[in-house]
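Notes to accompany the following structure.
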Amino acid sequence: MKKYTISFFYPMYNEEGNVKEAIKRAEEVLERIAQDYEIIVVDDGSKDKTFEIAKKEAERNPKIRPIRHEKNKGYGGALQTGFRESKMELVFFTDGDNQFDPKELELLLPYIDEYDFVIGYRIDRKDPFLRKLFGKGWTLVTRILLGVKVKDIDCAFKLFKRDIVKDITIESHGAAINPEIMFKLIRKGYRFKEIGVHHFPRKEGKQTGANIKVILRAFKEILKLWWRERILGRGR
């Protein structure tokens, strides 16, 4: 398999129980498959020791770069930072809760020459019922409002050629960031491939996505995105 330089980043919020293991898993696969790499941990204003643990890991491996938001900017804000800070030719992100196996990045890489980006979809999502129900509804709403037809819009297992991410302006700071990225890249004619990946139960930390306030805020954001991009026609 052809080797690339890869920026691998994790958005994290209160993941002190996961961060060390997440970095270890990323290192193991990148040492084997990448020509060169960096691991970026974007700590989105955590109230626990996520950032301190990441900094300690960086002391033993200079390829690890912890970045901290002093105030919480939301999931979209963390992704924006990760994309902006990525320096390598390919950019990959996944969540820092260890519900995905970084080794499955090898399933996406063979397609990156033919396609501009490759995205995962969860074969068997291991989340509570309400979170899975919201996920299906969210994907359906994205299809209806934005015309983005993917199997799992918010699956946090995505690989991009760095140049295409730099070709769009990302504005969302919350849950609408994945629909925004997909909508803008597809509108510009970039091609993508979907690959099934495995999903595992969370063992450490707490999920926030099923919180009713988070859900309501997410739908408010997607409506704003729809109005801005489809009704007002602001194309960037």
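Every listed requirement among (1) closer than 15 Å to A156 by Cβ; (2) not in a helix (DSSP H, G or I) is met by K71 save one, (1).
Checking F93, F83 one by one, the residue that is in contact (Cβ under 8 Å) with a residue 60 or more places away in the chain, outside any helix (DSSP H, G or I) and within 27 Å of V214 (Cα to Cα) is F93 and no other. Could you tell me which numbered condition D48 fails, if it satisfies all but one of (1) farther than 17 Å from A156 by Cβ; (2) in a loop (DSSP other than H, G, I, E, B); (3) in contact (Cβ under 8 Å) with a residue 40 or more places away in the chain? Going through (1) farther than 17 Å from A156 by Cβ; (2) in a loop (DSSP other than H, G, I, E, B); (3) in contact (Cβ under 8 Å) with a residue 40 or more places away in the chain one by one, D48 breaks only (3). Of the conditions (1) modelled with pLDDT of 95 or more; (2) in contact with a helix residue (DSSP H, G or I) (Cβ under 8 Å, 6 or more places away or on another chain), E114 satisfies every one except a single condition; which number is it? All conditions are met except number (2). Condition check for G77 on (1) part of a helix (DSSP H, G or I); (2) surrounded by fewer than 19 Cβ atoms within 10 Å (Cβ to Cβ): one failure, at (2).
Looking at I181, is it β-branched (V, I, T) and outside any loop (DSSP other than H, G, I, E, B)? Yes: the conditions hold for I181. Within the option set L146, L140, L107, L159, being more than 12 Å from the chain's Cα centre (by Cα), modelled with pLDDT of 90 or more and surrounded by 22 or more Cβ atoms within 10 Å (Cβ to Cβ) holds for one residue only, L146. Would you confirm, using the coordinates I've provided, whether F134 is crowded, with 19+ Cβ neighbours inside 10 Å and either within 28 Å of M88 (Cβ to Cβ) or small (G, A, S) (or both)? No; evaluated as a whole, the condition is false for this residue.
Just one of the numbered conditions (1) within 23 Å of G233 (Cβ to Cβ); (2) hydrophobic (A, V, I, L, M, F, W, C); (3) in a loop (DSSP other than H, G, I, E, B); (4) out of contact with any Pro (no Cβ under 9 Å at 6 or more places or on another chain) is not true of I153: (4).
The values are calculated or read from the model by the stated rules, or taken from the named source; none is laboratory data. Every value quoted in this text rests on a predicted model; they were computed, and no experiment measured them. Cβ: placed from backbone, ideal geometry, glycine included. Neighbour counts: every protein chain shown.
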